[in-house]
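Peer 1: Take this structure first; my questions come after.
The values are calculated or read from the model by the stated rules, or taken from the named source; none is laboratory data. Values in this document were obtained by computation on a predicted structure and should not be read as measured data. We place every Cβ from the backbone using ideal geometry, glycine too, and count neighbours over all the protein chains shown.
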Amino acid sequence: MAKVRKATARDWISGARLQTLPLAIAPIALGTAAAYVLPHEDAGPGWHWFRAILCLVVALSLQIAVNFANDYSDGIRGTDKHRVGPRRLTASGAAKPRTVFAVALVFFGIAAIAGLIIVIRTQQWWLLAIGAVAIVAAYFYTGGKRPYGYFGLGELFVFVFFGIVATAGTTFVLAGTVTLESWLSAVAIGLIACAVLMVNNIRDIEQDKLAGKRTLAVLIGNRASRIVFGVLLLAPFGILSFFTLFYANAYLVYFALLAAIPAVGITISAKTSAELIVALRLSALVALVYGLGLGWAIAF
């Protein structure tokens, strides 16, 4: 038996899956922008820079925690034995399962602490329930005896929490209200996040079938999944047309199509996992450009 190389610092950074972090950054940028344009003074209703940073910490920490929790849960369940993507810490034996789980708990803890500070500063105590549900949902995506990510519900979780909750929640935390801009941009970025998850699952569709992991891609099939991916990634540009009516620079966000269209084309025609990884990275880039670009257009 070949000796397994122990995880290095680079492996742990890779385990955090930095390419997925745009999915955490984009909704916070959009939610902050929607709050910023409301009537405000430096410390007024629409702008609280410290709260905005806390929202970003919550989103980033939850995203990293989910990535490590997935590594742990899929690894101990044996799902990643069939994996063709980048190696996982648990499944490869590079790190002990309990160590990977502990790292996930650390990031869940960071998210919880930042969320608690938000609650204390806003005095909106009901937000504790939202935060608790978000953490529980993040873990049980692939964790527990009946993970919902194994029953085709992953995209729904991503849309709700990394679209609606993250974007509208940020606006509410900063301004005490949620505007039409916030709701629409939440739907748009939620759809892009779903597209990122979909193309990732298309890459693993055959391996997930073998492992009994019934993602949405497995349930609807390879061809349909590729079409759905294209719809999810391009639909937000239809929503963008609303913003171009009211914000002079919003049209510039259409430059994100320079990444979106190739991502769709690659996904439709891809024959190898390497091609789908390229599409995944392009899709994450779309999320970042769309979120930061539209956020800038709204705010300035």
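Peer 1: With the condition kept exactly as written, say whether any residue in the range 155-165 is free of Cβ contacts under 8 Å to residues at least 12 places away in the same chain and either more than 17 Å from Leu282 (Cα to Cα) or not in a helix (DSSP H, G or I) (or both).
Peer 2: yes
Peer 1: Inside the range 118-164, can you point out the residues that are closer than 19 Å to Ser61 by Cα and not hydrophobic (A, V, I, L, M, F, W, C)?
Peer 2: Correct list: Gly131, Tyr139, Tyr141, Thr142, Gly143, Gly154, Gly163.
Peer 1: Just give me the residues in the range 174-189 being modelled with pLDDT under 95 and either closer than 18 Å to Gln63 by Cβ or in a helix (DSSP H, G or I) (or both), in sequence order.
Peer 2: Leu174, Ala175
Peer 1: Within the range 126-134, can one find any residue that is surrounded by fewer than 14 Cβ atoms within 10 Å (Cβ to Cβ) and closer than 15 Å to Val66 by Cα?
Peer 2: Yes, the range 126-134 has at least one match.
Peer 1: Any residue that is buried (at least 16 other Cβ atoms within 10 Å of the Cβ) and within 19 Å of Ile25 (Cα to Cα) - is there at least one of those in the range 244-253?
Peer 2: Within the range 244-253, one or more residues are buried (at least 16 other Cβ atoms within 10 Å of the Cβ) and within 19 Å of Ile25 (Cα to Cα).
Peer 1: Say we look at the range 265-281 and pick out the residues that are hydrophobic (A, V, I, L, M, F, W, C) and closer than 14 Å to Ala195 by Cα; which of these is surrounded by the most Cβ atoms within 10 Å (Cβ to Cβ)?
Peer 2: Checking each candidate, the answer is Ala279.
Peer 1: For the range 240-273, enumerate the residues that are small (Gly, Ala, Ser), in a loop (DSSP other than H, G, I, E, B) and out of contact with any helix residue (DSSP H, G or I) (no Cβ under 7 Å at 6 or more places or on another chain).
Peer 2: Passing the criteria: only Ala248.
Peer 1: Further question on the same structure: For Val100, state whether it is of a type in the set (Val, Ile, Thr), at pLDDT 95 or above, closer than 19 Å to Ala35 by Cβ and part of a helix (DSSP H, G or I).
Peer 2: So Val100 fails the test.
Peer 1: Show the residue pairs meeting these rules: Cβ distance below 8 Å; 6+ apart or different chains; first residue within the range 255-266 and among the aromatic types (Phe, Trp, Tyr); second residue crowded, with 18+ Cβ neighbours inside 10 Å.
Peer 2: Filtered contacts from the range 255-266: Phe255/Val289; Phe255/Gly293.
Peer 1: Thr167: over 13 Å from the mean Cα position of the chain (by Cα), β-branched (Val, Ile, Thr) and modelled with pLDDT of 95 or more, yes or no?
Peer 2: Judged against the criteria, Thr167 is not a match.
Peer 1: Check the range 220-239 and report whether any residue there is within 17 Å of Ala52 (Cα to Cα) and part of a helix (DSSP H, G or I).
Peer 2: Looking through the range 220-239, none of the residues is within 17 Å of Ala52 (Cα to Cα) and part of a helix (DSSP H, G or I).
Peer 1: Out of all the residues in the range 87-109, is one or more buried (at least 22 other Cβ atoms within 10 Å of the Cβ), within 30 Å of Ile261 (Cα to Cα), in contact (Cβ under 8 Å) with a residue 12 or more places away in the chain and not small (Gly, Ala, Ser)?
Peer 2: Scanning the range 87-109, I find at least one residue that is buried (at least 22 other Cβ atoms within 10 Å of the Cβ), within 30 Å of Ile261 (Cα to Cα), in contact (Cβ under 8 Å) with a residue 12 or more places away in the chain and not small (Gly, Ala, Ser), so the answer is yes.
Peer 1: I would also like to ask the following. Just to be sure, is Tyr251 among the aromatic types (Phe, Trp, Tyr) and within 25 Å of Arg17 (Cβ to Cβ)?
Peer 2: So Tyr251 does not fit the description; no.
Peer 1: For the range 214-232, state whether one or more residues are more than 30 Å from Arg146 (Cα to Cα), free of Cβ contacts under 8 Å to residues at least 40 places away in the same chain and over 21 Å from the mean Cα position of the chain (by Cα).
Peer 2: no
Peer 1: Further question: Hey, among Ile205, Ile192, which residue is crowded, with 16+ Cβ neighbours inside 10 Å and without any contact (Cβ under 8 Å) to a residue 24 or more places away in the chain?
Peer 2: Going through Ile205, Ile192 in turn, the sole match is Ile205.
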